[in-house]
Amino acid sequence: MTSLRFVDHLHDLIDGVDVILSDIWGVVHNGLESFPEACEALHRFRGQGGTVILITNAPRPADSVQRQLRKLGVADDIYDAIVSSGDLTRHFVAERAGQSMFWLGPERDNSIYRGLDPVFAPLQQADYIVCTGPFDDETETAEDYRAMMGEARNRNLTLVCANPDIVVERGDRLVICAGAIAELYREMGGDVVFYGKPHRPIYERAMALATERRGAATPLKRVLAIGDSVRTDLTGAQAFGIDCLFVMRGIHAGEFEGIEWLDPAAVKELFGHPPLALTRELRW
């Protein structure tokens, strides 16, 4: 047997927790509909004096993420603030005013540039690349971009990845994200700057916002991360030094189907270093 803990309710883990850093996609919604019990759990935690910061690899500003949440029926009162990888990418672009970029991504992500007045250029003339995702995540794979990435590598362009996720849920399907293209470019020897989980800046920003809301810094031992991705949520939380509640219903759902306990070998294969606990879905 393994010491890995399975829990059914968030309230079993929050003794001594003041701040929750929660993933959004896969925990609070699946891209098409919200998860009412997850929303209720975060609302109840806040009702007991806790602070909830939503951290997301969405390649859009926080206010755009908030509008999407509202459309999906997620109330504003389940969280205190939102930190997105899109916000961090905006800072990179703003610091390079006058340089030209090639934008790789769907038109729906254009809010990431709102108010920045960036200079767009073809790949052959750009100073760097910003990738918010594939042009068409319904049909394309990372391999469809190999030739493009080869051309970028020949020019030694830096690729800024505005969403390190490899895949994300959309209803009952998985679609690729910017991270899949960025990892291909990195494997080809390209220079990649990642914004979002599992990288430290998004956690630092989240904790700064938590400090603003609470009026004092919170020790990391009193912070709990919640997420559904080993590569981003779990790895990022552990690297930052905080515990993680791992949600099994998300992108790894197929690997957990029918599992009630894990032997040590399975734990090592799935997680490397395991999370604090697993739950099938977030509920109070």
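The values are calculated or read from the model by the stated rules, or taken from the named source; none is laboratory data. What you see is a predicted model, and the numbers here were worked out from it, not measured in a lab. Positions of Cβ are generated from backbone atoms using ideal geometry, with glycine treated the same way; all protein chains shown enter the neighbour counts. Please note that ligands, DNA and RNA were not included when accessible areas were found on the heavy atoms of the full protein model with its side chains. Shrake-Rupley method; radii C 1.70, N 1.55, O 1.52, S 1.80 Å.
Kindly indicate whether V83 is in contact with a Leu (Cβ under 9 Å, 6 or more places away or on another chain), modelled with pLDDT of 95 or more and within 30 Å of Y128 (Cβ to Cβ). Considered against the rule, which asks whether it is in contact with a Leu (Cβ under 9 Å, 6 or more places away or on another chain), modelled with pLDDT of 95 or more and within 30 Å of Y128 (Cβ to Cβ), V83 comes out as yes.
Within the stretch 1-39, count every residue that is more than 28 Å from P59 (Cβ to Cβ), open to solvent by 60 Å² or more (accessible area, probe 1.4 Å) and not aromatic (F, W, Y). The number of residues fulfilling the criteria is 8. Each residue in the stretch 108-164 was checked for being among the aromatic types (F, W, Y) and open to solvent by less than 20 Å² (accessible area, probe 1.4 Å), and 3 pass.
Filtered by the rule that a residue be aliphatic (A, V, I, L, M) and under 20 Å from the mean Cα position of the chain (by Cα), the stretch 11-48 gives V19, I20, L21, I24, V27, V28, L32, A38, A41, L42. Checking G190, G179 one by one, the residue that is in contact with a strand residue (DSSP E or B) (Cβ under 7 Å, 6 or more places away or on another chain), among the small types (G, A, S) and closer than 18 Å to L88 by Cβ is G179 and no other. Please determine, by comparing only the residues of the stretch 96-134 that are touching a residue at least 40 places away in the same chain (Cβ under 8 Å) and β-branched (V, I, T), which one is farthest from R67 (Cα to Cα). Restricting to residues being touching a residue at least 40 places away in the same chain (Cβ under 8 Å) and β-branched (V, I, T), the top hit is V130. Which one is farthest from G272 (Cα to Cα), of the residues in the stretch 208-231 that are touching a Ser or Thr at 6+ places or on another chain (Cβ under 7 Å) and buried (at least 18 other Cβ atoms within 10 Å of the Cβ)? The selected residue is A210. Among the residues making up the stretch 40-49, those that are surrounded by fewer than 15 Cβ atoms within 10 Å (Cβ to Cβ) and among the small types (G, A, S) are G47, G49. Scanning the stretch 82-102 for residues that are small (G, A, S) and open to solvent by less than 10 Å² (accessible area, probe 1.4 Å) yields S84, S85, G86. The set of residues from the stretch 207-222 being of a type in the set (S, T, N, Q) and either part of a helix (DSSP H, G or I) or under 21 Å from the mean Cα position of the chain (by Cα) (or both) comprises just one member, T211.
Can you say whether G105 is at pLDDT 95 or above, small (G, A, S), out of contact with any helix residue (DSSP H, G or I) (no Cβ under 6 Å at 6 or more places or on another chain) and surrounded by fewer than 20 Cβ atoms within 10 Å (Cβ to Cβ), as far as the supplied structure shows? Answer is no for this residue. In summary, Y79 fulfils each of the numbered conditions (1) open to solvent by 10 Å² or more (accessible area, probe 1.4 Å); (2) farther than 13 Å from D23 by Cα; (3) touching a strand residue (DSSP E or B) at 6+ places or on another chain (Cβ under 7 Å); (4) of a type outside the set (A, V, I, L, M) with the single exception of condition (2). Scanning the stretch 45-61 for residues that are outside any loop (DSSP other than H, G, I, E, B), of a type in the set (A, V, I, L, M, F, W, C) and either modelled with pLDDT under 95 or over 30 Å from N110 (Cβ atoms) (or both) turns up just one, F45.
Cβ-Cβ contacts under 6 Å between residues 6 or more apart (or on different chains), taken from a first residue in the stretch 190-204 that is assigned to a strand (DSSP E or B) to a second residue that is of a type outside the set (S, T, Y) and buried (at least 19 other Cβ atoms within 10 Å of the Cβ), are listed as V192/L159; V192/C161; V192/A182; V193/V160; F194/C161; F194/P164. Within the stretch 165-192, restricting attention to residues that are surrounded by 24 or more Cβ atoms within 10 Å (Cβ to Cβ) and within 21 Å of S84 (Cβ to Cβ), the residue that is nearest to the chain's Cα centre (by Cα) is D165.
Restricting to the stretch 232-278, name every residue that is open to solvent by less than 40 Å² (accessible area, probe 1.4 Å), modelled with pLDDT of 90 or more and not in a loop (DSSP other than H, G, I, E, B). Those that are open to solvent by less than 40 Å² (accessible area, probe 1.4 Å), modelled with pLDDT of 90 or more and not in a loop (DSSP other than H, G, I, E, B): T232, D233, L234, G236, A237, F240, C244, L245, F246, V247, A277.
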